[in-house]
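Any read-out appearing in this document is the output of simple, stated calculations on the displayed coordinates, not a laboratory observation. Bear in mind the structure is a predicted one, so any value in this text is a computation, not a measurement. Positions of Cβ are backbone-derived with ideal geometry, glycine not excepted, and every protein chain shown enters the neighbour counts.
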Amino acid sequence: MISPSPASEEAVAASRFLRGVLWVDVWGSAAFGLLLLVAAGPVGKFADVAFGVPLGIGLVVMAWVAMVTSVVRRVPLAIGAASFVVLGNLAGVAVIVVVLVAFPDALSTGAEWALGFIGLGMLDLAVLERIGMRRAR
């Protein structure tokens, strides 16, 4: 029996790390998207926006979940597709920053704080996914 080389064991571990971070992205996004879809009324009231806003964002987030799920389930894991996930997370952070800066009175204070924490979570995921990509190469 041939034992795997330490280099291939490291590659498998790195790929496992990246896949794990992508799964965290999937499950966290799915929980957030479902919250927006199921509780669009209360979320809209909390954020001081119309009912359709959280509903529309929830639909976009669930499309994101489907896309990231297709990336993470692929064997072997495609680094290029994972790059798209990182860029998507960074784009989400940029949108949040634009909303918070350009429309300072559009949301309630609680919603602004919530968006800030969501943006930080997305940024953390993007960094961890990028680290996983570098380790997997």
Given only helices, namely DSSP H runs of n ≥ 4 each adding -39500 (n - 2.57), what is the per-residue ellipticity at 222 nm of the chain, to the nearest 500 deg cm²/dmol?
-29000 deg cm²/dmol
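Taking the chain on its own, what percent of its Cα-Cα pair distances exceed 27 Å?
Working: 2726 of 9316 pairs.
Summing the P(r) of the chain above 27 Å gives 29 percent of all pairs.
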What is the gain in length, in nm to one decimal, between ALA78 and ALA66 on full extension, counting 0.36 nm per residue of separation less the C-alpha to C-alpha distance?
2.7 nm
ALA91 neighbourhood, Cβ < 15 Å, K/R = +1, D/E = -1, net charge -1
When only DSSP loop residues count, what trypsin sites (Lys or Arg not before Pro) in region 17-89 have their Cβ near at most 15 other Cβ atoms within 10 Å?
ARG73, ARG74
Cα-based helix-to-principal-axis angle, 79-102 vs the chain, degrees rounded to 10:
20 degrees
Going toward the positive end of the dipole of the chain, with +1 on Lys and Arg Cβ and -1 on Asp and Glu Cβ, which of ILE57, ALA31, SER15 do you reach last?
SER15
Relative contact order %, the chain, counting alpha carbon pairs below 8 Å whose residues are six or more apart:
36 percent
